[in-house]
1. Considering region B:51-79 alone, what residues qualify as being away from chain A (no Cβ under 11 Å) and either in contact with a Lys or Arg (Cβ under 6 Å, 6 or more places away or on another chain) or of a type in the set (Val, Ile, Thr) (or both)?
2. Find the strands (runs of 3 or more DSSP E) located wholly in region B:5-95 whose residues include 1 or more that are free of Cβ contacts under 8 Å to residues at least 60 places away in the same chain, surrounded by 18 or more Cβ atoms within 10 Å (Cβ to Cβ) and hydroxyl-bearing (Ser, Thr, Tyr), and list them.
3. Do any residues in region A:46-60 that are among the small types (Gly, Ala, Ser) have Cβ atoms under 9 Å from those of residues that are buried (at least 16 other Cβ atoms within 10 Å of the Cβ), where the two are at least six apart or on different chains, and which pairs are they?
4. Which of the residues belonging to region B:125-165 are surrounded by fewer than 17 Cβ atoms within 10 Å (Cβ to Cβ) and under 23 Å from B:Gly44 (Cα atoms)?
5. Could you tell me whether B:Asp161 is free of Cβ contacts under 8 Å to residues at least 40 places away in the same chain, over 22 Å from B:Asp254 (Cβ atoms) and of a type outside the set (S, T, N, Q)?
6. Can you name every residue in region A:39-61 that is closer than 17 Å to A:Met80 by Cβ, facing chain B (nearest Cβ under 8 Å) and outside any strand (DSSP E or B)?
7. Any chance you could count how many residues in region A:62-84 are within 14 Å of another protein chain (Cβ to nearest Cβ) and either at pLDDT 95 or above or surrounded by 10 or more Cβ atoms within 10 Å (Cβ to Cβ) (or both)?
Amino acid sequence: MRVRIPTPLRSYTHQQPVVDAEGSTVSDLLDDLDRRFPGIRFRMVDEQGRLRQHMKLWIGQDAVTDLSTSVSGSDDVTIMQALSGG
Amino acid sequence: MRLLVGTRKGLWAIGSDDRRAWSVGEPLFFGQIIQHAVADPRDGHTVLVATSTGHLGPTVMRSPDGGSTWSEASKPPAFPAGDRLGRALKTVFWLSPGNPDEAGTWYAGGASPQGLFRSEDGGDTWAPVSGWNDHPQWETWCEWPEENTPDGSMLHSVIVDPRDADHLYLGLSGGGVFESSDGGTGWAPLNKGVAADFLPEPDPEFGHDPHTVRMHPLMPDRLYQQNHCGIYRLDRPEERWTRIGDNMPPAIGDIGFPIELHPRDPDTAWVFPMDGTDVWPRTSVDGRPVAYVTRDAGVTWSPQSAGLPERAWFTVKRQAMTTDPGDPVGVYFGTTCGELWGSADEGASWTCIARHLPEIYSVEAA
């Protein structure tokens with residue numbers, strides 16, 4: 001499935017804004033993403049498996065916080081990250 | 001001669017051949033928060049950088065060639081999955097090379113939680129130091145789950161005895177100084193004689209707020225500490241710190257963040273006092289920046305302000321002051337206003353090396 005990558009994480013995807021990854025759950029998808037682009041998962045998900053604060057995942061139009069949520073090959077996944085700060 | 005300057009917006013390597021004319025390069029890891037950047041004195045070419053952004057998780061970047069090429073730690077510092085307290089590391093705050101006889105060994109301090117992590121492969125993979133992180137007293141000694149330190153609870157000043165790789169010290173803000181003599185399995189507080197004016201007990205065993213702790217490399221039994229409540233020295237095996245900050249001018253006081261040592265003279269140390277009155281502005285006292293040096297292990301102190309601005313309102317954070325190994329020793333500090341100042345004559349005179357950098361968090365000689 002297609003995964004949209006926010007700019008702060010594109011150093012991992014060789015600046016690609018959209019990449020492919022596979023998995024039956026969001027967690028699997030992130031694992032696959034990490035296999036393809038080592039290190040990217042830990043920047044988004046902490047060591048206890050929690051999505052880091054201000055990281056958002058969307059499947060289609062639906063925001064997802066539970067990493068066990070199912071995904072299918074036809075889904076478009078969007079990773080978003082707040083850029084608040086100064 | 002090169003300085004690694006960690007800032008809120010990236011890392012700068014600033015070099016000089018003569019310590020007078022300095023070249024400020026382009027930023028590395030631009031936009032990322034660099035808490036600490038440290039060169040490995042054991043091999044002269046490895047550099048580790050503690051980095052994060054405002055929202056992404058923490059990590060460590062490493063260079064095997066003095067900064068020409070970089071790669072990310074394949075296993076950054078982290079608590080174990082399924083940790084008994086559900087702890088997740090927010091920031092890698094402090095980096096310390098290990099014992100000289102243990103090439104490739106590093107320690108990292110977290111902020112927060114106040115975790116301790118160790119690498120044995122030059123910073124590529126990190127493991128929690130269970131003896132500290134899972135110590136039965138960890139929840140008592142550390143600020144957990146509540147953080148009382150405004151910028152977050154920190155584990156810093158990880159010190160490895162050059163004579164004995166198993167002999168370690170660390171500092172907690174807040175929490176105090178702790179010592180291990182068995183490689184990090186067992187730990188004990190080491191805070192006798194240190195004030196903790198913000199606690200109700202007159203002489204607590206722990207709960208203090210060391211800002212920086214240093215061991216002299218040639219006299220490893222000598223420790224210096226710049227604490228939230230004063231400047232101290234401890235000559236082991238003594239266990240009671242002496243408040244050498246009582247010898248500072250009363251109008252200046254002995255509050256500050258950094259304390260830095262002369263690499264060859266254990267009696268010489270520099271501090272950068274700050275205003276710890278009222279609501280603690282943490283700028284120089286009366287807005288008049290000045291370093292102080294002692295040449296007699298804290299018995300007397302002398303001001304060093306030649307070249308510094310008459311009035312300024314910056315803070316020098318705990319990792320933002322350092323010395324180099326030159327003769328005479330170079331002394332450097334970075335400010336929250338993004339200025340880097342240096343002295344090639346042991347603090348007798350200061351010049352501004354760089355201006356208009358982001359807020360400076362750390363300065364280390366490489």
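1. B:Thr69 - this is the single residue of region B:51-79 that is away from chain A (no Cβ under 11 Å) and either in contact with a Lys or Arg (Cβ under 6 Å, 6 or more places away or on another chain) or of a type in the set (Val, Ile, Thr) (or both).
2. On the way: elements: B:10-15, B:33-39, B:47-52, B:59-63.
Counting at least 1 such residues, we get B:47-52, B:59-63.
3. Close Cβ pairs satisfying both conditions: A:Gly49/A:Ser27; A:Gly49/A:Leu67; A:Gly60/A:Asp75; A:Gly60/A:Val77; A:Gly60/A:Thr78.
4. Result: B:Thr125, B:Pro162, B:Arg163, B:Asp164, B:Ala165.
5. On the way: free of Cβ contacts under 8 Å to residues at least 40 places away in the same chain: no; over 22 Å from B:Asp254 (Cβ atoms): yes; of a type outside the set (S, T, N, Q): yes.
Taking the combined requirement at face value, the residue does not satisfy it.
6. Passing the criteria: A:Arg43, A:Met44, A:Arg50, A:Arg52, A:Gln53, A:His54.
7. Filtering region A:62-84 down to residues within 14 Å of another protein chain (Cβ to nearest Cβ) leaves A:67, A:79-84.
Still in the list and also either at pLDDT 95 or above or surrounded by 10 or more Cβ atoms within 10 Å (Cβ to Cβ) (or both): A:67, A:79-83.
Total satisfying the criteria: 6.
Yes/no matrix, rows are residues, columns are (1) surrounded by fewer than 21 Cβ atoms within 10 Å (Cβ to Cβ); (2) hydroxyl-bearing (Ser, Thr, Tyr):
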position: B:Asp221; (1), (2): yes, no
position: B:Tyr232; (1), (2): no, yes
position: B:Asp254; (1), (2): no, no
position: B:Pro263; (1), (2): yes, no
position: B:Asp267; (1), (2): yes, no
position: B:Asp278; (1), (2): yes, no
position: B:Val285; (1), (2): yes, no
position: B:Asp296; (1), (2): yes, no
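The values are calculated or read from the model by the stated rules, or taken from the named source; none is laboratory data. Computed from a predicted structure; not experimentally measured. Cβ: placed from backbone, ideal geometry, glycine included. Neighbour counts: every protein chain shown.
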